[in-house]
Amino acid sequence: MTDRKSELAGNLAQVEERIAAACAAAGRHRDEVTLIVVTKTYPADDVRILSDLGVRHVAENRDQDAAPKAAACSDLPLSWHFVGQLQTNKVRSVVGYADVVQSVDRPKLVTALSKEAVRVGREVGCLIQVALDAGESARGERGGVSPAGIEELADLVAGAEGLRLDGLMTVAPLTGEYAGHRQAAFDRLMDLSTYVRRTHPAANMVSAGMSADLEQAVAAGATHVRVGTAVLGVRPRLG
Ligand SMILES: *Cc1c(COP(=O)(O)O)cnc(C)c1O
């Protein structure tokens, strides 16, 4: 094993242990939670190692970095998640490799994703990104739609050709009433998910929790955690 491979294997084992412990503490089965490794700023070589180590879901937040990486790893049995703010002019590229777009936060983006998915004959999974720091009807600092805007977007995605409504995603807010209250933020996301599932029962993905707060997300009921730093190391720059 190379040094990097044993480093990543060790980190993965620790993260796995944390997820298992959080599941046990919450009375949940380990297989109710899927680990997505956020590989942003790290090279395709690391993605390949992760795949060798059994990782099946990876996430990226910038198309410029993700597109070449996904192309270099197209032989690997990986699901690619896009988790960054997405401009409509990047939609064509992103639909080329993303299995799931977790950052759907406005009608214009739904239209663009649908059009491109139909054009290339793919089905793209979509999560509505919820901004718990956004005021009513506003959008969040780091993307996302306010809770009041979820229903409209969910209905739009569900009715859009080429798209599949998979559920909700959030990033614990740094500002607003939920700043410093991650557990409450994730509990709120779960309530919103319950509400969405009344009309869209199959939209049962809840993506929440990162390196610092995966335990709280699992306790709240998250089905997917997105972990970068704890697996790959501290990123050299903000990504
Ligand atoms: C970077 C990123 C993560 C992972 O964050 P870590 O703190 O490195 O685990 C998760 N979700 C999103 C949307 C991200 O951009």
*Has the range 50-64 got at least one residue that is touching a residue at least 24 places away in the same chain (Cβ under 8 Å) and over 26 Å from E16 (Cβ atoms)?*
yes
*Given (1) more than 16 Å from the ligand (Cβ to nearest atom); (2) open to solvent by 30 Å² or more (accessible area, probe 1.4 Å); (3) not hydrophobic (A, V, I, L, M, F, W, C), where does E141 come up short, assuming only one miss?*
(1)
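Okay, residues lined up against (1) away from the ligand (no atom under 16 Å from the Cβ); (2) under 21 Å from the mean Cα position of the chain (by Cα); (3) surrounded by fewer than 14 Cβ atoms within 10 Å (Cβ to Cβ):
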position: K5; (1), (2), (3): yes, no, no
position: L12; (1), (2), (3): no, yes, no
position: C23; (1), (2), (3): yes, yes, no
position: D31; (1), (2), (3): yes, yes, yes
position: I36; (1), (2), (3): no, yes, no
position: T41; (1), (2), (3): no, yes, no
position: D46; (1), (2), (3): no, yes, no
*Identify, please: which residue in the range 54-76 is among the basic types (K, R) and open to solvent by 30 Å² or more (accessible area, probe 1.4 Å) and is, among those, farthest from V225 (Cα to Cα)?*
R62
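Rundown of residues vs (1) assigned to a strand (DSSP E or B); (2) of a type in the set (A, V, I, L, M); (3) modelled with pLDDT of 95 or more; (4) in contact with a Leu (Cβ under 8 Å, 6 or more places away or on another chain), yes/no style:
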residue: K5; (1), (2), (3), (4): no, no, yes, yes
residue: A13; (1), (2), (3), (4): no, yes, yes, no
residue: R28; (1), (2), (3), (4): no, no, yes, no
residue: H81; (1), (2), (3), (4): yes, no, yes, no
*Between a first residue in the range 8-19 that is within 14 Å of T229 (Cα to Cα) and a second residue that is open to solvent by 20 Å² or more (accessible area, probe 1.4 Å) and part of a helix (DSSP H, G or I), which pairs have beta carbons less than 6 Å apart while being 6 or more apart in sequence or on different chains?*
L8/I49; V15/A230
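The rows are residues; the columns are (1) in contact (Cβ under 8 Å) with a residue 12 or more places away in the chain; (2) surrounded by 16 or more Cβ atoms within 10 Å (Cβ to Cβ).
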site: L113; (1), (2): yes, yes
site: V120; (1), (2): yes, no
site: V130; (1), (2): yes, yes
site: V145; (1), (2): yes, yes
site: G159; (1), (2): no, no
site: L165; (1), (2): yes, yes
site: L174; (1), (2): yes, no
site: R182; (1), (2): yes, yes
site: L192; (1), (2): yes, yes
*Of the residues S51, S79, which is surrounded by fewer than 16 Cβ atoms within 10 Å (Cβ to Cβ) and closer than 26 Å to N11 by Cβ?*
S79
*asked:* Among the residues that make up the range 198-209, is at least one of them basic (K, R), within 12 Å of the ligand (Cβ to nearest atom) and more than 18 Å from G27 (Cα to Cα)?
replied: no
*Filter the range 210-239 for residues that are open to solvent by less than 20 Å² (accessible area, probe 1.4 Å) and not small (G, A, S); which is farthest from the ligand (Cβ to nearest atom)?*
V218
*Within the bounds of the range 77-85, is there any residue that is farther than 22 Å from V33 by Cβ and of a type in the set (A, V, I, L, M)?*
no
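The values are calculated or read from the model by the stated rules, or taken from the named source; none is laboratory data. Only a predicted model underlies this, so the values are computations on that prediction, with no experimental measurement involved. Counting neighbours? That spans all protein chains shown, and the Cβs are built from the backbone with ideal geometry, glycine included. These accessible areas exclude ligands, DNA and RNA; they are computed on the full protein's heavy atoms, side chains included. Shrake-Rupley method; radii C 1.70, N 1.55, O 1.52, S 1.80 Å.
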